[in-house]
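Beneath this line is the structure, given in structure tokens, with notes to follow.
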Amino acid sequence: MAKLPEGRHYYRATAGAPHHRPLHGAREAAVCIVGGGFAGLATAMSLMEHGQGDVVLLEAEQVGFGASGRNGGFVFGGFSLGERSLLHAAGAEQGRKLYQLTLDAVAQIRRRIERYRIECESRHEGIYLANWFDDARILDARQRFMAERLGVEWQRLSRAQLADKLDSRRYFGALFEPDGFHFHPLKYAQGLARALAEGGVGVHEGSKATRIERDGQGWRVSTPGGAVRARDVVVCCGGYIERLHPRLAGATLPVATYVMVTEALGARLQTAMRTGAAVYDTRFAFDYYRPLADTRLLWGGRISIRERGAAEVARLLYRDMLKVYPQLAGAKVEYAWSGMMSYARHQMPQLGRLPDGLWYGMGFGGHGVGPTTLAGEVLGAAIGGDGAALARFAQWGLASTAGQAGLLAAQLAYWYYELRDWMRQ
């Protein structure tokens, strides 16, 4: 396998260059947001769209540097916590309302792409949940549950019908989610940042928050080049929070996931996929993949407690791809990368306000595009005085992840479910 570029992923290679200046000197603002991923950007967007433009957003690296700009690019409803578990934890009525918030977030993303003319290669051709197991009851039960309990209609495809779209012996039918879509996540993040800057929000890249401290009735956020005094501060740092805020860091599991992108396949892509939809499967440790505009195939999967180098990621995922599409043997992998996601122990977003008044939004790992947008709406409303939506997330607080022991437990759990999938097939 050819040598792959370390530290440079496909999205970064095909997106525009960073162009928001670092913070220099002192600034004052009504709200300071720490973190330029989807959650921070969405919070700033919500505030701006509701008339609060006195906002400063600080990003340590570049907008979309972390999981927001490196993920699979799937945009669809739901949380990392499965739908059945969601309804069990929240109750039928509240669970359904929470799920609806994620569908509203998907619609919000569509609106923002159109409103701000964000060129992010969005493909509105749906998403397939392909059945890895030769057991029709899996799809039947899922389809019935989604319709009866959540009011969502997913279309059922037989094995033969799916074969017209995905030429693989690995799958046994699918459910099709027509309202889902996929896009270039880093271009979307950059588009949001551009819209914010044009709307008067101060967006600063290369501005790592080194300290957050009380300053009279407000806060002071320090960076290497300056400081922001603000009435409210929102921390949206995800898997890269490090030591900025020990309590928030202690409630986050930084977990890595892996993605690769093939060379442009041209007509050869049609030997595997004859659809522009994105795909994932019914295993716990599922593959997820989608065709790109230039006929490449983006393939992701696996989770681990550590990041891996490009060559190792490519070897693992290439092997996974050939299990599904052996006809793509010999296709070159041109990009491969890993990135850190922030998981909460309860698998739900962590949205709230600490007793000292600091706002936070994190814990979106594994299913973050819709929920980060939801978080922005919820946090923006709460900062503006309407905390009704935020209260729905109160039961999922800052549960300790137990540090290294928690990471080891997460890895062991992943291996257990991976083994269970293997035994089931």
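The values are calculated or read from the model by the stated rules, or taken from the named source; none is laboratory data. Because the structure is predicted, anything quoted here is derived from the model rather than measured. So basically every Cβ, Gly included, is an ideal-geometry build from the backbone, and we count neighbours across all protein chains shown. Protein only, heavy atoms only, side chains kept; ligands, DNA and RNA dropped before computing areas. Shrake-Rupley method; radii C 1.70, N 1.55, O 1.52, S 1.80 Å.
When the convex hull of its Cα atoms is viewed from all sides, segment 61-128 shows a mean projected area of 6.1 nm². Using θ = phi - 60° in the Karplus curve 6.51 cos²θ - 1.76 cosθ + 1.60, the 3J(HN,Hα) couplings for segment 288-300 round to 9, 7, 7, x, 9, 4, 9, 6, 7, 10, 8, 10, x Hz; x is entered for Gly and Pro. Gyration tensor over the Cα atoms of segment 136-268: the corresponding equivalent ellipsoid has semi-axes (square roots of 5 times the eigenvalues, largest first) of 45, 21, 17 Å.
Seen from all directions on average, segment 28-74 presents a Cα convex hull projection of 3.6 nm². Per residue, the chain exposes 42 Å² of accessible surface when a 1.4 Å probe is rolled over the protein heavy atoms with every protein chain present. Residues whose amide H lies under 5 Å from that of Gly226, counting only those 5 or more places away or on a different chain, are Gly25; hydrogens are built 1.01 Å from N in the peptide plane.
Within the same chain, lysines fewer than 8 places from Lys332 are excluded, and of the rest, those with a Cα less than 21 Å from its Cα are Lys3, Lys323. Normalised by residue count, segment 267-326 yields a Cα convex hull volume of 99 Å³ per residue.
Within a straight-line Cα-Cα reach of under 27 Å, Lys208 can be paired with the following lysines, leaving aside sequence neighbours fewer than 8 residues apart in one chain: Lys187. The Rg/Rh ratio of segment 191-319, with Rg taken over Cα atoms and Rh as the Kirkwood radius over Cα pairs, comes to 1.11. Carbon-plus-sulfur accessible fraction, the chain (probe radius 1.4 Å, protein heavy atoms only): 50%.
The share of alpha-carbon pairs in segment 1-133 lying farther apart than 23 Å comes to 51%. Legend: translational diffusion of segment 292-363 by Stokes-Einstein, Rh = Kirkwood radius over C-alpha pairs, 25 °C, 0.890 mPa s; D = 161 µm²/s. The simple spin-label model puts a point 7 Å past each Cα toward its Cβ; for Asp54 and Glu213 those points are separated by 2.4 nm. The mean of 1/r over all pairs of different alpha-carbon atoms in segment 82-194, once inverted, gives a Kirkwood hydrodynamic radius of 15.9 Å.
When the Cα centres of segment 316-350 and segment 370-399 are compared, how far apart do they sit, in Å? Comparing the Cα centres of segment 316-350 and segment 370-399, I get a distance of 30 Å.
Share of pairwise Cα-Cα distances greater than 16 Å in segment 322-379 is 61 percent (whole percent).
A Gaussian network model of the chain, with springs between Cα atoms under 10 Å, assigns the largest mean-square fluctuation among His50, His20, His124 to His50. Across segment 33-43, rounded Karplus estimates of 3J(HN,Hα) from the backbone phi angles (6.51 cos²θ - 1.76 cosθ + 1.60, θ = phi - 60°) give 10, 9, x, x, x, 4, 5, x, 5, 5, 5 Hz, Gly and Pro being marked x. Derived scalar couplings between HN and Hα for segment 362-375 equal 7, x, 9, x, x, 6, x, 5, x, x, 5, 5, 4, 4 Hz in order, rounded to whole Hz, by the Karplus curve 6.51 cos²θ - 1.76 cosθ + 1.60 (θ = phi - 60°), x for Gly and Pro. Adding -39500 (n - 2.57) for every DSSP H run of four residues or longer, then dividing by how many residues the chain holds, sets the calculated 222 nm ellipticity at -10500 deg cm²/dmol. Sparse packing (at most 14 other Cβ atoms within 10 Å of the Cβ) combined with a DSSP loop state is found for the following trypsin sites (Lys or Arg not before Pro) in segment 1-78: Lys3, Arg8.
Per the Debye calculation on the chain with a single equal scatterer at every Cα and no solvent contribution, log₁₀ I(q)/I(0) for q = 0.08, 0.10, 0.11, 0.13 Å⁻¹ amounts to -0.42, -0.67, -0.81, -1.15.
Note on surface exposure: Cys237, Cys120 rank Cys237, Cys120 by accessible area, highest first, 1.4 Å probe.
Considering only beta bridges that DSSP places wholly inside the chain, some 70 percent are antiparallel.
Toward the positive end of the charge dipole of the chain, with +1 on the Cβ of Lys and Arg and -1 on the Cβ of Asp and Glu, the farthest Cα among Ala381, Gly300, His204 is that of Gly300. Remark: the chain carries a charge dipole of roughly 640 debye about the Cα centre, counting +1 on each Lys and Arg Cβ and -1 on each Asp and Glu Cβ.
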